[in-house]
Amino acid sequence: MLKDVTIGQYFPGDTALHRLDPRTKLLAVIVYIVALFLAKWYVSYALVLAFLVFAVAVSRVRPKVLLKSLRPILIIIILTGVLNLCYSMGDHVLVSFWIIRITREGLENAFFMILRIVMLILGTFLLTYTTSPIALTDGLEQLLRPLAKLRVPVHELSMMMCIALRFIPTLMVETENIISAQKARGADFETGNLVRRAKALIPILVPLFISSFRRADELATAMECRCYHGGEGRTKLKQLRYTAADFAAFGVMLALLAAVIVLRRMGL
Amino acid sequence: MAPILQTKNLCHVYGEGTPFRHEALRHIDLSIDRGEFLGVIGHTGSGKSTLIQHLNGLLKPTSGEVLFDGEDIWKDKAFTRAVRFKVGLVFQYPEYQLFEETVYADIAFGPKNMGLDKDEVDRRVRRAAGFVGISEKSLQKSPFDLSGGNRRRAAIAGVIAMEPDVLILDEPTAGLDPLGSEQILQNIRDWQAAQGAAVVMVTHDMSDIAECADRIVVLSDGALAMDGTPREIFSRAQELTQIGLDVPQVTKVFLRLRELGLDVDPAVYTVQQAAQALLKRKGGSPC
């Protein structure tokens, strides 16, 4: 049940996309999103889509796995589609009955909106699928470093994010163990009304909270034992360095952005 | 007499249809008799935990069946739930599942779920607490104020308070000091003697199992590798070593003695037996 969650999951690999500097990938995703929102008509959408397909092909992430990540937001996608379909102004009426008036413009709007959301999700998921949480937080910390001058605790924030991501799988395993243990003592999570079911969660939540606090405590002690004192003067084992591949990636992203802007001017 | 629990051609596969597919159990035929003390040994990942979770219906077999008292435990929902009370399962590190405000309430969780009346629940809680040596005073404490060993005892009491016909324990002595683990094993044996229930104990510790078990099964790579009395199992020291397991320390000593040319019984597995065997060899009598 809990094993099916793929949000934020990382699939280890050794493709060009996996090897890119995390900073490059983060910036690339931002450029990709900007390009996606600047896209106006079929030609520009096709261009961005082609780029996405290319990136997925390079990453060797199986399309089926990637598409599965859309399931949790399926309702949002459908709702957006329906709303755009029914509430868009336009002159070319295709179908009209009762208060519903579907126009060609509405149809196009709905299509583009759905495409935009789907591509937005897939693009950002591709980032987490190909970048390990540690690399991701590392990259984020480097990119946000200038903010440290404004006394924003960048290192501490990224450390917290890193720890949180690290413990998601651990807590999932733990939750499953506790559920099994309480089931073995006859706990019943499947029958009864809402109040009863909510009450049935207490035997799971209490041990889970306690063990989270215990883990946090142990982790803090372990970090202190190794003289952790925050980001000041801290050096890295793995220095992030841009390589030729990163500059090539920047080139591709800028070209994509430029092409979409030109196409937008041309109304395509 | 028919066995109380029986598995027939039990197989379990994790992650069927994904690249992570893993055959955890292969064609396990195992029967557990009433009142016996069965030891289950096997190295990490040999399928021990998967096996015991099938015995009380927490996991559903991929194929094959699990019979309680001759009936398939999955025949209907009510029966599966009933079996969970009759086959008590104590997980590894059970102290992490305590959640109630008092030790008393936590031990009462299982019996209450069985739908027993208040007096019966009270009787069972006090009886279970007595077996594991939790004092009247400790019953009113928060479980989180107890020491690690006592917390584990409270968690075990929570399962034996359901008075199951089969008690399954997954590494009940893991992480305890020698005295603490000896006491817990003694508590379990006392309870078994009083209740007449079958006990299945999963462990890594060969000395623990040598002391307690009437019968031992060895799991290796999800299959049943050996099944016999401790004497039979520990006389196959070489095979045990090959599948990554150990024999009790005293058995090792005797094997070495044999290598050195002393004609002693190689299948000795408790210190008591060792003393007797040595005295016999010397021609003296046990004192």
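The values are calculated or read from the model by the stated rules, or taken from the named source; none is laboratory data. The structure presented is a predicted model; accordingly, all values stated were derived computationally and were not measured. A quick note on method: Cβ atoms are made from the backbone with ideal geometry, for glycine too, and the neighbour counts reach across all protein chains shown.
Tally the residues that are of a type in the set (Val, Ile, Thr) and either assigned to a helix (DSSP H, G or I) or surrounded by 10 or more Cβ atoms within 10 Å (Cβ to Cβ) (or both), restricting the search to the stretch A:221-238.
Matching residues across the stretch A:221-238 total 1.
Among the numbered criteria (1) surrounded by 16 or more Cβ atoms within 10 Å (Cβ to Cβ); (2) in contact with an Asp or Glu (Cβ under 7 Å, 6 or more places away or on another chain); (3) at negative phi, which one does B:Gly222 miss?
(3)
Of all residues in the stretch B:108-120 being of a type in the set (A, V, I, L, M, F, W, C) and closer than 14 Å to B:Val159 by Cα, which is farthest from the other protein chains (Cβ to nearest Cβ)?
B:Ala108
From B:Ala277, B:Ala267, grab the single residue that is within 23 Å of the chain's Cα centre (by Cα) and of a type in the set (Gly, Ala, Ser).
Just a single option satisfies the conditions, and that option is B:Ala267.
Specify which of the listed residues (A:Ile102, A:Ile114, A:Ile121) is surrounded by 13 or more Cβ atoms within 10 Å (Cβ to Cβ), more than 23 Å from A:Ile33 (Cβ to Cβ), in the same structural domain as A:Leu268 (by TED's automatic domain parsing) and of a type in the set (Val, Ile, Thr).
A:Ile102
What do you reckon, is A:Ala245 free of Cβ contacts under 8 Å to residues at least 12 places away in the same chain, farther than 22 Å from B:Phe85 by Cα and assigned by TED's automatic domain parsing to the domain that holds A:Trp41?
For A:Ala245, the condition - free of Cβ contacts under 8 Å to residues at least 12 places away in the same chain, farther than 22 Å from B:Phe85 by Cα and assigned by TED's automatic domain parsing to the domain that holds A:Trp41 - is not met.
Tell me the residue from B:Ala78, B:Ala105 that is small (Gly, Ala, Ser), under 30 Å from B:Ile134 (Cβ atoms) and over 20 Å from the mean Cα position of the chain (by Cα), please.
Answer to the check: B:Ala105.
Residue by residue through the stretch A:173-204, note down the ones that are in a helix (DSSP H, G or I), over 31 Å from the mean Cα position of the chain (by Cα), within 14 Å of another protein chain (Cβ to nearest Cβ) and among the aliphatic types (A, V, I, L, M).
A:Ala181, A:Ala184, A:Ala200
With the stretch B:79-143 as the region, which helices (runs of 4 or more DSSP H) entirely inside it contain at least 2 residues that are closer than 21 Å to B:Ile168 by Cβ?
Those helices (runs of 4 or more DSSP H) span B:103-113, B:118-132.
Suppose we filter the stretch B:254-270 for residues that are surrounded by 15 or more Cβ atoms within 10 Å (Cβ to Cβ), of a type outside the set (Asp, Glu) and without any contact (Cβ under 8 Å) to a residue 40 or more places away in the chain; how many remain?
Counting residues in the stretch B:254-270 that are surrounded by 15 or more Cβ atoms within 10 Å (Cβ to Cβ), of a type outside the set (Asp, Glu) and without any contact (Cβ under 8 Å) to a residue 40 or more places away in the chain gives 7.
Would it be correct to say that B:Pro3 is surrounded by fewer than 23 Cβ atoms within 10 Å (Cβ to Cβ) and modelled with pLDDT under 90?
For B:Pro3, the condition - surrounded by fewer than 23 Cβ atoms within 10 Å (Cβ to Cβ) and modelled with pLDDT under 90 - is met.
With respect to A:Ser158, determine if the residue is in contact (Cβ under 8 Å) with a residue 60 or more places away in the chain and away from every other protein chain (no Cβ under 14 Å).
So A:Ser158 does not fit the description; no.
When you go through B:Asp205, B:Asp177 one by one, which is the residue that is acidic (Asp, Glu) and under 13 Å from the mean Cα position of the chain (by Cα)?
Selected residue: B:Asp205, the only one of B:Asp205, B:Asp177 that is acidic (Asp, Glu) and under 13 Å from the mean Cα position of the chain (by Cα).
Scan the stretch A:193-209 and give yes if some residue there is assigned by TED's automatic domain parsing to the domain that holds A:Ala164, farther than 30 Å from A:Val31 by Cβ, surrounded by 14 or more Cβ atoms within 10 Å (Cβ to Cβ) and of a type in the set (D, E, K, R), otherwise no.
Taking every residue of the stretch A:193-209 in turn, none turns out to be assigned by TED's automatic domain parsing to the domain that holds A:Ala164, farther than 30 Å from A:Val31 by Cβ, surrounded by 14 or more Cβ atoms within 10 Å (Cβ to Cβ) and of a type in the set (D, E, K, R).
Name the pairs: first residue in the stretch A:35-59 and among the basic types (Lys, Arg), second residue modelled with pLDDT under 85, Cβ to Cβ under 6 Å, at least 6 apart or on different chains?
Note: pairs meeting the criteria are A:Lys40/A:Arg264.
Are there any pairs with C-beta distances below 6 angstrom linking a residue in the stretch B:56-76 that is more than 16 Å from A:Lys183 (Cβ to Cβ) to a residue that is surrounded by fewer than 19 Cβ atoms within 10 Å (Cβ to Cβ) and basic (Lys, Arg), with the two at least 6 apart or on different chains, and if so which?
B:Gly64/B:Lys8; B:Glu65/B:Lys8
Only one residue in A:Thr235, A:Thr243, A:Thr221, A:Thr170 is of a type in the set (Val, Ile, Thr) and within 14 Å of another protein chain (Cβ to nearest Cβ). Which one?
It is A:Thr170.
What's the total number of residues in the stretch B:144-155 that are without any contact (Cβ under 8 Å) to a residue 12 or more places away in the chain, assigned to a helix (DSSP H, G or I) and either basic (Lys, Arg) or more than 13 Å from B:Glu100 (Cβ to Cβ) (or both)?
Counting residues in the stretch B:144-155 that are without any contact (Cβ under 8 Å) to a residue 12 or more places away in the chain, assigned to a helix (DSSP H, G or I) and either basic (Lys, Arg) or more than 13 Å from B:Glu100 (Cβ to Cβ) (or both) gives 0.
Quick check on the stretch B:54-66. Is at least one of its residues in a helix (DSSP H, G or I) and either more than 13 Å from chain A (Cβ to nearest Cβ) or at pLDDT 90 or above (or both)?
Looking through the stretch B:54-66, at least one residue is in a helix (DSSP H, G or I) and either more than 13 Å from chain A (Cβ to nearest Cβ) or at pLDDT 90 or above (or both).
Restricting attention to the stretch B:121-166, report how many residues are within 14 Å of chain A (Cβ to nearest Cβ), within 21 Å of the chain's Cα centre (by Cα) and closer than 23 Å to A:Pro207 by Cα.
13
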